[in-house]
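The values are calculated or read from the model by the stated rules, or taken from the named source; none is laboratory data. The shown structure was predicted, so the numbers you read here are calculated from the model rather than taken from an experiment. With ideal geometry, Cβ positions are generated from the backbone for all residues, glycine too; neighbour counts draw on all protein chains shown. For accessibility, only protein heavy atoms count, side chains too; no ligands or nucleic acids. Shrake-Rupley method; radii C 1.70, N 1.55, O 1.52, S 1.80 Å.
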Amino acid sequence: MILLYLAAGLFLGWTLGGNDAANIFGSAVGSRMVRFRDAALVGSIFVVLGAVFQGRGGAETLNSLGRVDAMAGAFIVSLSAALVVYYMNSRGLPVSTSQAIVGGILGWVFFNKLTPDYGVLFKIVSTWITGPLLGMLFAASLYKALKKILLHSHIHLVELDTWIRFSLIVVGAFGAYSLGANNIANVMGVFAPMAPDVLVHFGLFSIDGVQLLFLVGGLAIATGIYTNSRRVMETVGNGLLALSPEAAIVVVLSQALVMFLFSWSGLAHWLQSMGLPSLPLVPVSSTQLVVGSILGIGLVKGTREINTRLLAGIGAGWILTPIAAGLTAYILLFVAMNVFNLPVLSAVSSAAGEVAQAKNTGTLRIDFILPGVIAISGTIIALLVWAFLKTKQKQLKAENELLLQQNINLESEKELDELNLKNMHAANQELSERIEIMNREFGSLALGLTGQKIFFEEISSQLDKLGQTQLTKEQEVALNEIRSLLQQKMSFDKEKDTFYLNAEQTNKAFYERLEKNFPGLSQQDKRLALLIRIGLSNKEIATMLNITLKSVEVFRYRLKKKMGLEQQHSLNDFIKNL
Amino acid sequence: MFTFRHAKKSIALIDEFLGKVDQGILIFKEGVTNYLSGNQQRFLDNLQTLSSLESDADLLRRKLENILYTQSLMPQLRGDIMRLIEELDNILDLAKKNLYQFDVEVPFIPVELHADMHQLTHLSVSACESLMPGVRAFFREPQDVKEKLHRVYLFEKEADKLADSIKRKVFQEMTHLKLSEKFHLRYFTLHIETLSDAAERAADLLSIMALKRTI
């Protein structure tokens, strides 16, 4: 039954872990300087240590506000606070667990028609203002100091990055310790009066019943950190102010300092012994401290960057949280008492400050030295193995990523090569088309020459006929001159030279291939092949080579033979595809 | 969780990279001077050296990129830093391309323009040289970056002015040159001038990055 009642506290611890741990590591994780799992591991360890070794002061203060001395009452106070925190968390609103639990206790006090200790209440409420103010002051001074140090440190930016990571982890650990020390009272404080009276010895140290209770609460917070803090981390880390990693260190350090001061009983006792006003040992809201710290930095930097809308939302949450928790507690207490008939107030008077049952029946002592030593040794060995495996895994991951990167580079190079190949194909295509066009032009030229030759032959035959008639001596001389000129013209030597020069130049590659593959070809054969490639007909070829049509056929036959082609193969196709 | 090993390696890579860029722009200046003086062999040596410096710088840039991303270093700044490194690499790349163009196209530069071309190269290279202390300062003393960059802007402006004057001289006064030669000269003036423009672009980026670090 006790475990069932404690479940509410554990639930509250879980929500606190989800919400308040984000105040410590939210900026670091949000700025991607620290990985979530590292933050969760460090946060969990130190929050438990803080809760166990320095959590007592805050719990005593809460109990002096209203000593919830019945298990069912404590359960309901804790549950109502947890429900409110969980609801506001799920809406993405930063919420204070401290205010929720105070609201719950006040709900219990008013339900039982008791009078709260207004002095303690004032002390607690005043910390809701002094806490953030102190956080603001610390943050402003620390930020200025850090900036000054960084300005004169001349540390290389990359090295600075590593130092900042290191610092974020260290101050995060301190922050988690302070959170555990200060806020465990919110989680388990109401159950403290009902803690078992035991003392467990671990050799080097021992813990009592209240600390055992706080250990369980700390573990609940750690679970909350692991399972429920990512989303809120984003709200706190990135929503309010875009924090630089340096600012993140300052925010965490200043809130950790304030929480530490408000839970350090040694300092409070020392100040009291010196006759100085001491700081109250009160659970303070880490959310409020973060907001105060960020405001402090904002004041140093100039407030332009602050998201005032979100700030207003947080402010509204501060007022709503204790009221909502108080009302929820009141309603749940009413239901518990009237429906389930559960005692929410002990029969013994619950006046504040009155010690409940005398605990002088003798403390149960448990020696846990050997199991403790075994557990610690086991933990150390497990940590060493884990660290070794982690390093190996990291190395493999880095190598893998490097290979992936190289693969990407290779892929890019391959794509580039393909692109170049495509370009080359396109250029080749263009060149082929140009050659084709020029060859067609050569064909037309050859056709023109053939036409002209036919025309000149016709004139020549007419002149021959004219020569057979009776002519004067002068007329015969003139006719012979015309015939001679015509014969010269009909050879088309000049045109042919130009034609061959251009055609060979255009089909240079073809010519080279021809010479390479068939070194035995004569000049006449090569010209014939060129003319076939250009696409001339036999008649045109005859004109170009100044031979008869029959001779062209003979030349083609010989060329085919020299090229080693079978009867059925087409010489034209072969040459065009060469 | 954190280690200084990768940080130290990254610092060494950055320093080595900056050294390569520094050497590269000096070699470019020497290359142009040798070209103008007609020292063909020394010009070719410069070209070879610059080419190998550029390849080394590319390799260092890739290594740095790998280490910054695989080791998750400076998650908020690495994007900016890689952009800056790419801008610097671009300067070296431009210097190499320009010197290659001298080698391939062998521009005819009339003797009366030699002094101007020398001066233009000097100004462009000075703009790039002045950038380097700013880049180095960014990593250690970001507050000093601004005062180190004003020279870059000055040299860039002067290079612009001189380039304009050369182009005007070529097209308006040197009537004995063929139009093709004039065009060629205009392109080479532009090639040399682009170095200072690239330095200015890097300086702009650096100013913003430094400002982001100091606020």
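Of the listed requirements (1) under 10 Å from A:Ile225 (Cβ atoms); (2) open to solvent by less than 20 Å² (accessible area, probe 1.4 Å), A:Val34 misses just one: (1).
In the condition set (1) among the hydrophobic types (A, V, I, L, M, F, W, C); (2) within 23 Å of A:Met33 (Cα to Cα); (3) modelled with pLDDT of 90 or more, B:Leu59 is compliant with all but (2). For B:Ala127, are the conditions met, namely being closer than 16 Å to B:Leu92 by Cβ and away from chain A (no Cβ under 14 Å)? When the stated conditions are applied, B:Ala127 passes them. In the stretch A:483-508, what residues are surrounded by 14 or more Cβ atoms within 10 Å (Cβ to Cβ) and either in a helix (DSSP H, G or I) or at pLDDT 85 or above (or both)? Within the stretch A:483-508, A:Arg483, A:Leu486, A:Lys489, A:Met490, A:Glu495, A:Lys496, A:Phe499, A:Tyr500, A:Asn502, A:Ala503, A:Glu504, A:Thr506 meet the criteria. Of all residues in the stretch B:138-178, those that are within 14 Å of chain A (Cβ to nearest Cβ) and among the aromatic types (Phe, Trp, Tyr) total 2.
Do the conditions hold for A:Gly26, that is, is it in the same structural domain as A:Ile101 (by TED's automatic domain parsing), touching a Phe, Trp or Tyr at 6+ places or on another chain (Cβ under 7 Å) and open to solvent by less than 40 Å² (accessible area, probe 1.4 Å)?
No.
Screening B:Arg83 on (1) touching a residue at least 60 places away in the same chain (Cβ under 8 Å); (2) crowded, with 19+ Cβ neighbours inside 10 Å; (3) more than 14 Å from chain A (Cβ to nearest Cβ) shows it passes everything except condition (2). Residues in the stretch B:190-215 that are surrounded by fewer than 19 Cβ atoms within 10 Å (Cβ to Cβ), more than 14 Å from chain A (Cβ to nearest Cβ) and of a type in the set (A, V, I, L, M): B:Leu190, B:Leu205, B:Ile208. Would you check if A:Phe75 is farther than 22 Å from A:Thr127 by Cβ and in contact (Cβ under 8 Å) with a residue 60 or more places away in the chain? Here the answer is yes, as A:Phe75 does meet what is asked.
Could you tell me whether the stretch A:3-17 includes any residue that is outside any helix (DSSP H, G or I), more than 14 Å from chain B (Cβ to nearest Cβ) and at pLDDT below 80? No, the stretch A:3-17 has no match at all.
Restricting attention to the stretch A:20-45, the residues that are within 14 Å of another protein chain (Cβ to nearest Cβ) and in a helix (DSSP H, G or I) add up to 14.
Among the candidates A:Gly119, A:Gly131, the residue that is open to solvent by less than 20 Å² (accessible area, probe 1.4 Å), more than 14 Å from chain B (Cβ to nearest Cβ) and assigned to a helix (DSSP H, G or I) is uniquely A:Gly131. The combined condition, being more than 30 Å from A:Pro245 (Cβ to Cβ), surrounded by 20 or more Cβ atoms within 10 Å (Cβ to Cβ) and under 41 Å from the mean Cα position of the chain (by Cα), is not fulfilled by A:Ile105. Looking at this structure, is B:Ser72 surrounded by fewer than 23 Cβ atoms within 10 Å (Cβ to Cβ) and either farther than 20 Å from B:Leu99 by Cβ or within 13 Å of chain A (Cβ to nearest Cβ) (or both)? Taking the combined requirement at face value, the residue satisfies it.
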